[in-house]
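The values are calculated or read from the model by the stated rules, or taken from the named source; none is laboratory data. Bear in mind that the values here come from a model prediction, so they are computed numbers and not experimental data. Glycine gets a Cβ as well: all are built from the backbone with ideal geometry, and neighbour counts include every protein chain shown.
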Amino acid sequence: MIRDGIRPIILLLGPPGAGKGTQARFLRDTLGVPHLASGDLLRDHRRLGTPLGLAAQEYMDRGDLVPDQLVIDMVMERLGRPDARRGALLDGMPRTRAQAEIVDQMLADRLSAVRTALYLDVPTTVLVERIAGRWLCPSCQAAYPGRSSDPPGNGTCVECRDRLYQRPDDRPEVVQHRIEVYLSATVPVIDHYAKLGLLVKIDGDRSVSTVRMALVISIGGVVRGRRRARWHLFVSHDFRAVTAGSEWHGRTLCGHIVSSRMDPQLGTEDDFRSHPCHECHVAIRARPGGISHTGPRTR
Ligand code: ADP
């Protein structure tokens, strides 16, 4: 738990293809904080042809890391915008131990701190397979599994109707290199946050909805309920850690605002999976960006 008044930052760590983007869009909608992905910000700069985009281009195409200072300045500028006032999900950053140390210091200078570092753990063979076939939406960044030769469905995003594309650095020879770079540069970042007691390791080689549930629970979501013999999944409303037995305030994934006094029973992830409130379950299973139909949003 971090002190009151400190803006919480959640880090999403994991190798290329671990599912960070897919899960981040869901967490963004659930928590109401922006998803800042360093890779997406860099790709935006490239599309716009900014000096930063041009400087980053050659590193990205090779699958190498862009120099620390360039990405740090870019991400810190983005974190300073008003929509990140209540917190943010940071994806793809920090990527090296040096970046982690600078980011920690810069966050502290801005009354902010890493609250949790979520690490999605997926075996390398699975990563290569996932990336080789994936197609992406250029607007919402949703990832669609497919074959490298053919886009899935009719080749458009079900959310935005944009034409799906394949990232040039998803070519098999570059992917292998990106994974190697990740293992040598980013594993020390994982150790860094583990030593600070902030790391939560999640098995990312499970279904999208199972990983979602584990993520929600690891950032303070709790399973409570048995209202009408169903378990609900609550997310801490004030975006702080919730401990069993404490007075808390939350929102079910189906949209109700609740307090601990209303639902005294505490369940587990397995309880929720075996007997979920249908609407909470739909929210967990919904496609990225698609959870708003599950009930009135109360924030
Ligand atoms: P992935 O995690 O799938 O490799 P990203 O979209 O996060 O993809 O990043 C794409 C590329 O952008 C990386 O290969 C790297 O060149 C660059 N990049 C992204 N974030 C950083 C960072 N924090 N530091 C250095 N380079 C970065």
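Miscellaneous remarks
- Scanning the stretch 82-95 for residues that are out of contact with any Leu (no Cβ under 6 Å at 6 or more places or on another chain), more than 7 Å from the ligand (Cβ to nearest atom) and touching a residue at least 12 places away in the same chain (Cβ under 8 Å) turns up D83, A84, R85, R86, G87.
- Residue count for the stretch 263-283, restricted to those that are small (G, A, S), under 13 Å from F234 (Cβ atoms) and out of contact with any Lys or Arg (no Cβ under 8 Å at 6 or more places or on another chain): 1
- The condition of being within 10 Å of the ligand (Cβ to nearest atom), among the aliphatic types (A, V, I, L, M), outside any loop (DSSP other than H, G, I, E, B) and surrounded by 13 or more Cβ atoms within 10 Å (Cβ to Cβ) holds for only one of V66, V75, that being V75.
Okay, residues lined up against (1) touching a Gly at 6+ places or on another chain (Cβ under 6 Å); (2) assigned to a strand (DSSP E or B); (3) closer than 19 Å to D40 by Cα:
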| residue | (1), (2), (3) |
| --- | --- |
| M93 | no, no, yes |
| Q99 | no, no, yes |
| I102 | no, no, no |
| M106 | no, no, no |
| T116 | no, yes, no |
| L120 | yes, yes, yes |
| N154 | no, no, no |
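- Answer residue from the stretch 28-43, given it is assigned to a helix (DSSP H, G or I) and more than 11 Å from the ligand (Cβ to nearest atom) and is surrounded by the most Cβ atoms within 10 Å (Cβ to Cβ) among those: L31
- Counting only residues that are within 20 Å of L31 (Cβ to Cβ) and modelled with pLDDT of 70 or more, the stretch 202-250 holds 23 of them.
- Condition check for K20 on (1) within 26 Å of D205 (Cβ to Cβ); (2) in contact with a helix residue (DSSP H, G or I) (Cβ under 9 Å, 6 or more places away or on another chain); (3) within 10 Å of the ligand (Cβ to nearest atom): one failure, at (2).
- Boolean, L118 is surrounded by 15 or more Cβ atoms within 10 Å (Cβ to Cβ), within 18 Å of L11 (Cβ to Cβ) and either touching a residue at least 12 places away in the same chain (Cβ under 8 Å) or within 14 Å of the ligand (Cβ to nearest atom) (or both): yes
- Considered as a group, the residues in the stretch 193-213 that are buried (at least 21 other Cβ atoms within 10 Å of the Cβ) and in a helix (DSSP H, G or I) include one that is nearest to the ligand (Cβ to nearest atom), and that residue is Y193.
- The set of residues in the stretch 45-63 that are small (G, A, S) and more than 12 Å from the ligand (Cβ to nearest atom) contains only G49.
- Residues being more than 15 Å from G133 (Cα to Cα), more than 12 Å from the ligand (Cβ to nearest atom) and either in contact (Cβ under 8 Å) with a residue 12 or more places away in the chain or touching a Pro at 6+ places or on another chain (Cβ under 7 Å) (or both) - total across the stretch 155-182: 6
- Residue match in the stretch 141-149 (condition: closer than 21 Å to Q23 by Cα, outside any loop (DSSP other than H, G, I, E, B) and of a type in the set (S, T, Y)): yes
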